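Okay, so here's the structure we're looking at.
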Amino acid sequence: MTDCCSGGTKLIYPCSGCADVGEIADNAARKLSRDNFGKMTCLAGVGARIPGFIESAKGADENITIDGCPVACARKTLECVGVKPSSFVLTEMGLAKGKTPVTAEAVKDICAKIMKTHQNADTGNCAPGSGCCCG
Amino acid sequence: MKLEILGTGCPKCKKLTELAQETATELGLSFEIVKVVQINDIMNYGVMITPALAIDGKVVVAGRIPSKEEIKKWLLENPTK
């Protein structure tokens, strides 16, 4: 949980889908959370319309969705409750659905790309094709 | 009516407590204020950022201090008022 006085609240929602890219999205969100890039939270809570999750999304400084594939369930789940997240889609970042082994290396690479793209987006310099919402 | 203030006790949580109390009193409502300070208890509401306010168990705001007008609206919308 993020404390109210810490500022810069960034919540991370992976799609956690059943495909390999969904698993990588989930693992990446956990790693980003452990590395203090943001705080992973439950997309299912938003989907279930649990008020605490919805209000947390609305009150966060930024919401980041990590989707495995272009169906973009995580992004759309947040949009359904009126929240526009910064969106990352792994298949738009070089991974192939159904053909990507879930390895620590793959997760690490995706985390690095997300952090780099996010940094660029912060400076208004979003990398093309990165899946970042500012493009 | 139960007004729960979810937060670990920082100045924003205290401000929200004061505002909620003040607003409910002005409306002449019968209420009790409950402070939820344990992180696990707060997370059981799905709240990821504090301060948060729950009215009769339903979280109405998280991560910011709402205006008095907003609190008034939520209190009046509550079916148990």
Here region B:28-36 yields Karplus 3J(HN,Hα) values (6.51, -1.76, 1.60; θ = phi - 60°; whole Hz; Gly and Pro given as x) of x, 8, 8, 8, 10, 9, 10, 9, 10
The set of residues whose placed amide H lies less than 5 Å from the amide H of A:Ile12, leaving out same-chain residues fewer than 5 positions away, is A:Lys39, A:Met40, A:Thr41, A:Ile64
Set A:Lys116/B:Lys12; A:Lys84/B:Lys58; A:Lys84/A:Lys108, cut-off 30 Å on Cα-Cα distance; pairs above it are A:Lys116/B:Lys12
Rounded to the nearest 10 degrees, the helix B:11-26 long axis (Cα) sits at an angle to the longest Cα principal axis of chain B of 20
Expressed in square angstrom to the nearest 10, the accessible area of A:Ile64 with a 1.4 Å probe stands at 0
Length-normalised contact order of region B:2-77, Cα under 8 Å, at least 6 apart, in percent, tallies to 40
Mean other chain Cβ within 10 Å across A:46-57 is 6
In whole Hz, the Karplus estimates of ³J(HN,Hα) for region B:51-58 (6.51, -1.76, 1.60; θ = phi - 60°; x where Gly or Pro) are x, 9, 10, 10, 10, 6, x, 9
Expressed as a whole number, the average count of other chain Cβ atoms within 10 Å around the Cβ atoms of B:60-70 is 4
Filtering trypsin sites (Lys or Arg not before Pro) in region A:11-55 by DSSP loop and by at most 13 other Cβ atoms within 10 Å leaves A:Arg49
Expected vector for region A:52-59, Karplus 3J(HN,Hα) from phi with 6.51, -1.76, 1.60 and θ = phi - 60°, integer Hz, x for Gly and Pro, equals x, 5, 5, 5, 5, 5, 5, x
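The values are calculated or read from the model by the stated rules, or taken from the named source; none is laboratory data. Keep in mind the model is a prediction, meaning the values are calculated, not measured. Every residue, glycine among them, receives a Cβ derived from its backbone with ideal geometry; neighbour counts consider all protein chains shown. Heavy atoms of the whole protein, side chains included, go into the accessibility calculation; ligands, DNA and RNA do not. Shrake-Rupley method; radii C 1.70, N 1.55, O 1.52, S 1.80 Å.
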